[in-house]
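Before I ask anything, here is the structure I am working with.
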Amino acid sequence: MSTLLEIQSRFAAGVFRGSDGILSDLEDDGRQAARFEVYRNNTHASILDVLADAFPTVQTLLGESLFTRLVTAFIRHAPSQANHLLDYGAELPDFIAQSEPLADRPWLVDVARLDWARNAAYGAAEAVPMGAGALQGLAADALLALRPTLVPSATLLASDWPIHAIWMNPDAMAQSGVAPRAEAVLTVRPAMQVQTILLHAAELALLRTLHDGGTLGEAAFAAQQTDPTFDLMTAFAGHLSAGIFTHRSNDEPRDN
């Protein structure tokens, strides 16, 4: 007799991988296979809707038909292990990177990462933002020794492709084609609205250093090394007022 775990495993294989082994465990009145196929199709349709919402730019760039084929293959390759369907899809960018039919779209991987970063930002934990008042009255040495970090909803992405331009206007890009051009973006939800912000290379160096646990002094140095003409203070003040920084609980670099 099969254990419950074995039956559950066969059921999952039937739903996600197309196996019909589970049918032998079910009492059949002649319509069980048809009923199971309806359940399988409804499950796939629900997951397709979830991933279409999570990867809207990818769907626009591929078109509905090709996106559906991509998602169907992805479901078979990496069935959901998440407790909530809204958490499913993080592995899709890596799946795209391994897809031979999509090899002629090398920019699509980073576009998918941007879509997922925006999706993940909605469910990220809240954090108390660091206000400008936290810096008032600090001596220069104390200011440079600060280790503000980015709020949990923040993700930094750097690409060899114009991912921000593609995200802004995927329809035009799908028609005209994509030429290589490096871009970096910050996705963040400082309040209720997810933002996607195009970053200067020095701005990326500043934020990445802080995100990796560096001090404000180390972040400033990294930014100036990238571009000595970059207006560091204006950029930092802008992000501070936008609420993308929070206090680090200790001086240890944060794991990613």
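Among Asp171, Asp141, which is of a type in the set (Asp, Glu), open to solvent by 50 Å² or more (accessible area, probe 1.4 Å), in contact with a helix residue (DSSP H, G or I) (Cβ under 9 Å, 6 or more places away or on another chain) and touching a residue at least 24 places away in the same chain (Cβ under 8 Å)?
Just one listed residue meets the conditions, Asp171.
Still on this structure, I have one more. Within the group Leu108, Leu157, which residue is within 16 Å of the chain's Cα centre (by Cα), within 20 Å of Leu207 (Cβ to Cβ) and crowded, with 20+ Cβ neighbours inside 10 Å? So that I can check it myself, show each step before the final result.
Working: Leu108 fails: within 20 Å of Leu207 (Cβ to Cβ).
The match here is Leu157.
Continuing with this model, one more query. Within the stretch 189-203, which residues are part of a helix (DSSP H, G or I) and either open to solvent by less than 20 Å² (accessible area, probe 1.4 Å) or of a type in the set (Val, Ile, Thr) (or both)?
Result: Ala202, single match.
Would you mind stating whether Pro101 is modelled with pLDDT of 90 or more, over 20 Å from the mean Cα position of the chain (by Cα), closer than 23 Å to Arg248 by Cβ and not aromatic (Phe, Trp, Tyr)?
no
Same structure, new question: What about Leu186, is it within 17 Å of Ala242 (Cα to Cα) and either charged (D, E, K, R) or crowded, with 21+ Cβ neighbours inside 10 Å (or both)?
yes
If a residue has to be out of contact with any Pro (no Cβ under 7 Å at 6 or more places or on another chain) and surrounded by 14 or more Cβ atoms within 10 Å (Cβ to Cβ) to count, how many in the stretch 61-85 make the cut?
14
Let me ask something else. Just to be sure before I move on: is Leu210 surrounded by 15 or more Cβ atoms within 10 Å (Cβ to Cβ) and either out of contact with any Lys or Arg (no Cβ under 8 Å at 6 or more places or on another chain) or assigned to a loop (DSSP other than H, G, I, E, B) (or both) in the structure I sent?
no
The values are calculated or read from the model by the stated rules, or taken from the named source; none is laboratory data. Bear in mind that the values here come from a model prediction, so they are computed numbers and not experimental data. Because the Cβ atoms are built from the backbone with ideal geometry, glycine has one as well, and the counts that use them run over all protein chains shown. These area figures cover heavy atoms from the full protein model, side chains too; ligands, DNA and RNA do not enter into them. Shrake-Rupley method; radii C 1.70, N 1.55, O 1.52, S 1.80 Å.
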